[in-house]
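Quick notes on the structure that follows.
Values in this text are rule-based calculations from the coordinates and carry no lab data. Just so we're clear, the structure is a prediction, and the values are computed from it rather than from any experiment. Reconstructed Cβ throughout: ideal geometry from the backbone, glycine too, with neighbour counts over all protein chains shown.
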Amino acid sequence: MAHADLISAATLTDPQPLVIAGHEFRSRLMVGTGKYASNAQMIDAIEASGAEVVTVAVRRVDLDRSKDEAILHHLDPDHFFLLANTAGCFNASDAIRYARLARAAGFNEWVKLEVIGDQQSLLPDTIGLLQATKTLADEGFKVLAYTNDDLVTALKLEDAGAVAVMPLASPIGSGLGMLNPYAIRTIKQRLSVPVIVDAGVGTASDACIVMEQGVDGILMNTGIAAAQDPVRMAAAMKGAVEAGRHAYLAGRMPRREVAVPSSPTTGMLGS
Amino acid sequence: MTESGGIVREAMAGEVVLAVNGAERRIPQGSTLADLLASLELDARTVVVERNGTILRDRSSFASLDLAADDSLEIVHFVGGG
């Protein structure tokens with residue numbers, strides 16, 4: 001093991017970059033573009049996060065031009081990988097329609113597929129999600145499916161053609177962190193496609209713990225955008241994702257219920 | 001009077017009434033989709049247009065696409081989201 005290389009490098013390097021559907025990405029952190037106080041703040045935060053994949057939503061153009069919502073006026077699509085979502089869709093056919101509209105924008109055929117089943121919790125409608133995943137995968141879409149932390153659904157999404165499965169850490173925008181590490185670990189262990197944890201990360205330690213489960217990446221939005229200082233939090237999240245990844249690769253020590261001294265027990269004075 | 005408002009929707013001479021993003025809009029007869037986008041000051045490269053439920057994937061067709069009465073257009077773009 002080339003530890004000298006690791007130590008001499010300013011930052012540890014990930015021996016394996018994130019690869020989804022044959023596409024290599026430069027960061028395991030993906031970020032959303034919603035809820036920022038300003039477009040300038042959003043750009044600064046995304047830069048600080050080091051993310052390559054940034055999510056966007058599809059909405060009607062405001063023909064009255066009350067505000068400048070067009071994200072492409074601010075984000076350079078040559079510098080970022082735009083991942084359109086189907087947020088706000090409550091059934092498979094709406095989600096499919098939004099995905100097709102997003103693809104027609106001409107950037108790529110990737111979609112972060114959301115089919116929401118409940119307005120209050122924003123938990124996914126897994127039946128609709130499976131249907132939409134199948135349809136879109138058949139149409140050549142690269143589907144990253146936002147789902148709950150249920151293993152069986154995750155397995156079915158993989159079978160349906162999803163190129164990545166995105167289980168939640170906790171509900172969208174909740175900032176509650178990872179509620180079920182066992183479920184996330186199990187999904188990661190059982191799936192062949194990458195597992196990107198999406199939603200619920202509230203602060204850097206949440207992100208680090210998620211990555212320590214061995215998942216391939218994290219997508220977050222509110223955890224950064226709703227921080228008091230989003231740009232600083234974006235930098236913290238970048239560090240946390242990297243730290244968690246390295247901790248996973250390093251392999252943590254076993255947990256013990258008893259204390260084990262770190263210093264020698266022999267050679268004490270007066271013995 | 002129908003719910004869609006037969007009286008309001010009736011076009012004046014030389015104009016066409018259609019629906020754009022759910023709202024009624026009157027455009028000069030013979031307008032193309034490109035004309036409409038130009039009048040809305042929209043860059044065709046940054047929007048996607050769905051006409052009567054069909055996505056128009058070929059932007060080069062916009063200049064020759066004549067809009068018709070009762071067309072229903074959805075003009076969408078990317079906005080911030082998670």
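Summary of values
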{"read-out": "Protection proxy ranking, peptides A:216-222, A:15-21, A:169-175, average beta carbon neighbours within 10 Å, highest first", "value": "A:216-222, A:169-175, A:15-21"}
{"read-out": "Helix-only [θ]222 nm of chain A, DSSP H runs n ≥ 4, -39500 (n - 2.57) each, per residue, nearest 500", "value": "-11000 deg cm²/dmol"}
{"read-out": "Dipole magnitude of chain B about its Cα centre (Cβ charges: Lys, Arg +1; Asp, Glu -1), debye to nearest 20", "value": "200"}
{"read-out": "Magnitude of the charge dipole, chain A, Cβ model with Lys/Arg +1 and Asp/Glu -1, debye to 20", "value": "380"}
{"read-out": "Ellipticity estimate at 222 nm from DSSP helix runs (n ≥ 4, -39,500 (n - 2.57)) divided over chain B, nearest 500", "value": "-3000 deg cm²/dmol"}
{"read-out": "Distance between modelled label sites at A:Gln189 and A:Leu176, nm, 7 Å Cα→Cβ extension", "value": "2.4"}
{"read-out": "D_trans [Stokes-Einstein, Kirkwood Rh over alpha-carbon pairs] for the protein assembly as shown, 25 °C, 0.890 mPa s, µm² s⁻¹", "value": "110"}
{"read-out": "Enclosed volume per residue, in Å³, of the convex hull spanned by Cα atoms of region A:67-210", "value": "129"}
{"read-out": "Amide H contacts of A:Ala84 (H built 1.01 Å from N, under 5 Å, at least 5 apart or other chain)", "value": "A:Val56, A:Lys112"}
{"read-out": "Separation in nanometres of the label points that stand 7 Å from Cα toward Cβ, at A:Asn108 and A:His73", "value": "2.5"}
{"read-out": "P(r) weight above 16 Å for region A:20-106, C-alpha pairs, percent", "value": "59"}
{"read-out": "Segment A:Asp94-A:Asp138, length gained on full extension (0.36 nm per residue, minus Cα span)", "value": "14.2 nm"}
{"read-out": "Rough spin-label spacing in nm, given labels placed 7 Å along Cα→Cβ, for A:Ser121 and A:Val152", "value": "1.6"}
{"read-out": "Under 18 Å from the Cα of A:Lys188 - lysines, other chains or at least 8 residues apart", "value": "A:Lys156"}
{"read-out": "Partners for A:Lys35 among lysines (Cα-Cα distance below 25 Å; same-chain residues under 8 apart left out)", "value": "A:Lys67, A:Lys112, A:Lys238"}
{"read-out": "Mean Cα-pair separation over length for region B:6-76, i.e. relative contact order, pairs under 8 Å, 6 or more apart, %", "value": "39"}
{"read-out": "Selected from A:Leu130, A:Ile116, A:Leu101, residue furthest toward positive end of dipole (region A:96-140; charges at beta carbon)", "value": "A:Leu101"}
{"read-out": "DSSP beta bridges in chain A [antiparallel fraction, %, rounded to 5]", "value": "15"}
{"read-out": "Surface/4 estimate of mean projected area, convex hull on alpha-carbon atoms of region B:6-76, nm²", "value": "4.5"}
{"read-out": "Taking chain A and dividing mean pair separation by its residue count, relative contact order in percent (alpha carbons under 8 Å, at least six apart)", "value": "17"}
